[in-house]
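Coordinate-derived values only; no laboratory data. This is a predicted model, so every value here is computed, not measured. Cβ placement follows ideal geometry from the backbone for every residue including glycine, while neighbour counts extend to all protein chains displayed.
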Amino acid sequence: MSAAFKFIRAARVGLVLCSLMWLGQVAATTINVNYATDNSGPGYCSLRDAIKAANTNSAVQACPAGQVEPTIDVINVPAGVYYLAGGDNYWDEDDNVSGDLDVLGSVSIVGAGARSTVIVAPPRDRVLHLRTSAVALNISVQGMTLVGGNVADNPVVGGRNGGTALTSVTGSVTLKNLVLRGGRAQGGGNLASYTSTNAKLLVDNVTVTDGEATGSGGGIYTSGTATLRSNAPQMRNLTISGNRAPVGGGLTQSGLLDLNQVTITANHGGGIYTQSSVADGLWIANSIVAGNSGGSQPWDLYCQSSAYNAALIYWSMVNTRSFYCTLGESGAMPAADPLLTALFDFGAGIPVHALRPGSPGMGAGRPNYGDPDTNCLTSDARGVARAPLSCDIGAYSARYDDSIDSTADLPDAAPGDGSCAAINGACTLRAAAMEASASGGRWILSVPNGTYTLTRPLDTNNDASGGDIDIAPVAGKPALNFALIGQGDADDVQIVGGGTDRVIEVRGKFNFHDDDPSQSRPLAFALVNATVRGGRLSEDPFQIPEWNGSANGGGLLFNNGRYLLDNVVVRDNVVSRDGSGSGGLMVQLRPDVVVRPWGANTSISDYLPFSHGISMERFAVVDNHVLGSNGGTGGLLLSYYQPNSQFPAAIASIRNGTIAGNSAEYTGGLVLSGQYIGATYLTVTGNEATNPLSSGGAFLQAGLMANSLITGNFTPSGLKDCEVTPSFLGLGYILLGTSAGCAIDGDLTGNQLDVDPLLGPMELTSGGMPVYRLHQDSPALDAIPWQDCADPASGQPVLSDARGAVRPEPDGYVACTMGAVEGNAIPSPEVFSDGFE
């Protein structure tokens, strides 16, 4: 054979090999969804059609054909709301014809972010069923919120798990940057996962909330047959919160499972239930498992057997464990209050529990010792970088984007340049609000202790530069997350009005025309550890036209968006304009309006689920007043609009609050309007309405209430605690000093009507929180049985009161106290036989 011939043959062989390699590396198909309803028509591509195209490798409507494995196709799902439909019998339909979305091929499904891409389950099925029936299959889902799902009543027993999502993993499944919420199942209210011996499951930067299981695993149920640690399912930067089940309210696990930088809290029925039949089946590293309660097993960690080490715990806080638990521990922390905020979006659209200042979880994580399974991760659930040497434990890293470094009231020098800097270079409250509004994005700010007085007068030509602090996102900018985190207690950070305006206004909607998406701008605002006082509001030239010149919210005005008030006092604010209201705080909430894709070049507008809401935890609204004629609501007005009863929404929660000493012509203390409001553990007292026909305490139009005191409120005609119209749903354990005009429907268990609760005088805690304690003979003390101490509106445990003290009080009685303060009763005066004290 000649050298030339050998060369030619070698070249041909090389060409053939290159061709074969090229054939094995077929480019992935990118499928762009452009139709919001479940099934599209010619020329369009719906989400279900896109998944069909990827499953079958065939074109469906305008969706191009997917490629054969191992090629991973990509489905892009733009911002919008996607409601899945189904026929009469679709619980167990597994070919993606109706009901849930059955994913059968290698594909990456990519949304526009958890905040803006929302997929809603049909009435009787889940959202996603991921089925990697072959080792080669590779599925990932990222950047979206999956809502609802109900399979608990499926007549087929094997189909009752995974309310929102179900994964049957033989190959590889990745769930990343997701929110799963509101599912119901027998096992795994939001997620059930079954992994084979060599399968790979990764859950990363995910929040699982509001799930319910009739069996176990209210949030997640996971089971697998892996025997090697390298094949254990991995869950990282995961938050499991607000789920419920008889056992394993947060998570039920068997087989192997690795948890790292996880927060599991506020679940009813316990935090983790481990059923693992292998030693050290569960690894918990750099995590918080605390604040879970209720159900048949109220532990943070409950172990099925003590025959072997059920779990290894590394540098984690796992507070309460069942007596069955035999554990291996390294660097584990003693039981303590982790000082978590309520669940909230502190950036990236992934709700988390932030660590409040002083949390023992700060800096408690494991340094880099070369073990990737238990070391601190490089970033948290929001993508915020963690400290490289000693990270904060849990899914949230308490690192601030900036810090307020001056109490002066100076505007930002160049709004929109991305830097909080007043003309003197300092980052002031006003400069931070102006810059954040102009730039958008995440602004989590540290606020040092001090008094921040707003000295700049109202500027009728520039709302932001004078008067109140204005947070109002500019159109076309990234979604705004703005948080002010006081570094002390409620009275250590004082934000004081300057006498010409309210104190803080936050606006996410700029008119009331719901068909205009440009007027809804994504917004999340949090205020933690602060007092807001000294607002004086007589005019509001920047108010939206629909309010017809009224001036509302003497201390704070919130208009659309998502809000968190945690350990906040609103006091001594005044509205003096006729026809206006809400001396302390007005909250007006309507869902954002967004564009939904409706074909290649058209779109429609729709409401965005979970785009509006509020959580108020440990608060007081006291001594605020509306002085003008025809004014209403001296203290707090909360209006929460829902388009319809089927619209997915979170409960607007106000909890552990005192509303007292406020006044107005109509309704002195509190107005609640909205069926998705949950009011729990409130004390409403000492408020005044100057109109004798109104209610001194509360005006309840719609919503839910439990475990609360409304007493000692008055009008010129005498005591009048509340008024109900048209109906208000009680959930038990409500004490009314006077019940006339206040017929509360619903669960009447434990209600006390026309009863004196024996309240003491208003007191200030050491942190400046106004509270009212009960006398030791009060009928409201220990009136709530332990099993009913949870918040019935949300199902979440309530383990502290307005002072931050433990609820229920560890006094030997397994019961909770009605109102904002748990136990700690005032001793009744001793009365001697002669009648004198």
Query raised in the report: Hey, what's the Kirkwood Rh for the chain if you take every pair of different alpha carbons, in angstrom?
Result: 28.0 Å
Query raised in the report: What ranking, highest mean first, results for peptides 94-101, 567-574 when packing means the other Cβ atoms within 10 Å averaged over each residue?
Result: 567-574, 94-101
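Show that you can apply the helix-only estimate: for the chain, add -39,500 (n - 2.57) for every DSSP H stretch of four or more residues, divide by all residues, and state [θ] at 222 nm to the nearest 500. The partial results should precede the final answer.
On the way: 3 runs with 42 residues, N = 837.
Using -39500 (n - 2.57) per qualifying helix, the result is -1500 deg cm²/dmol.
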Query - Three-way shape label, region 651-837, alpha-carbon gyration tensor, a/c 1.5 - result: oblate
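Mind checking the dipole of region 400-585: about its Cα centre, +1 per Lys or Arg Cβ, -1 per Asp or Glu Cβ, Debye to the nearest 20? Write down the numbers at each step before the final one.
Numbers: 13 positive and 25 negative charges, 28 e Å.
That gives region 400-585 a dipole magnitude of about 140 debye.
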Requested in this report: Note down the nm distance, to one decimal, between modelled labels 7 Å out along Cα→Cβ at Asp95 and at Asp756.
Outcome: 7.5 nm
Report task. Would you kindly state how much longer the chain becomes between Thr214 and Ser330 on full extension, computed as 0.36 nm times their sequence separation minus their alpha carbon distance, in nm to one decimal? Result -> 38.3 nm
Query raised in the report: Trp786 to Leu202: extension gain in nm, 0.36 nm per residue of separation minus the Cα-Cα distance?
Result: 206.5 nm
Query raised in the report: Is region 567-635 rounded, prolate or oblate when judged by the Cα gyration tensor, a ≥ b ≥ c being the square roots of its eigenvalues, rounded requiring a/c under 1.5 and prolate requiring a/b larger than b/c?
Result: oblate
Requested in this report: Return the FRET efficiency for the residue pair Ile423, Ser379: r is the Cβ-Cβ distance, R0 is 35 Å, and the value is rounded to the nearest 0.05.
Outcome: 0.50
Query - Within region 177-194, backbone nitrogen closer than 18 Å to the virtual label 7 Å beyond the Cα of Val157 toward Cβ - result: 185-188
Query raised in the report: Counting every Cα pair in region 400-585, what percent are over 28 Å apart?
Result: 16 percent
Requested in this report: Out of all DSSP beta bridges with both ends in the chain, state the antiparallel percent to the nearest 5.
Outcome: 10 percent
Report task. Take each of the peptides 260-272, 746-758, average the number of other beta-carbon atoms within 10 Å over its residues, and list them starting from the highest. Result -> 260-272, 746-758
Query raised in the report: Sorted from largest down, what three extents in whole angstroms do the Cα atoms of region 634-695 have along their principal axes?
Result: 39, 24, 12
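When DSSP assigns beta bridges and you keep just the ones with both residues in region 651-837, what percent turn out antiparallel, to the nearest 5?
If we restrict to bridges inside region 651-837, about 20 percent are antiparallel.
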Requested in this report: Given the peptides 136-143, 357-364, arrange them by the average over their residues of other C-beta atoms within 10 Å, most packed first.
Outcome: 136-143, 357-364
**Report entry** the chain: Lys pairs at Cα distance under 27 angstrom, eight or more positions apart or on different chains
**Finding:** 5
**Report entry** Asn462 paired with Ala475, simple spin-label distance in nm, labels 7 Å along Cα-to-beta-carbon
**Finding:** 2.2 nm
Report summary line: Residue separation between Val806 and Asn449 times 0.36 nm, minus their alpha-carbon distance, gives in nm 125.9 nm
**Report entry** Pair Val814, Ala112: separation of 7 Å Cα→Cβ label points (nm)
**Finding:** 5.1 nm
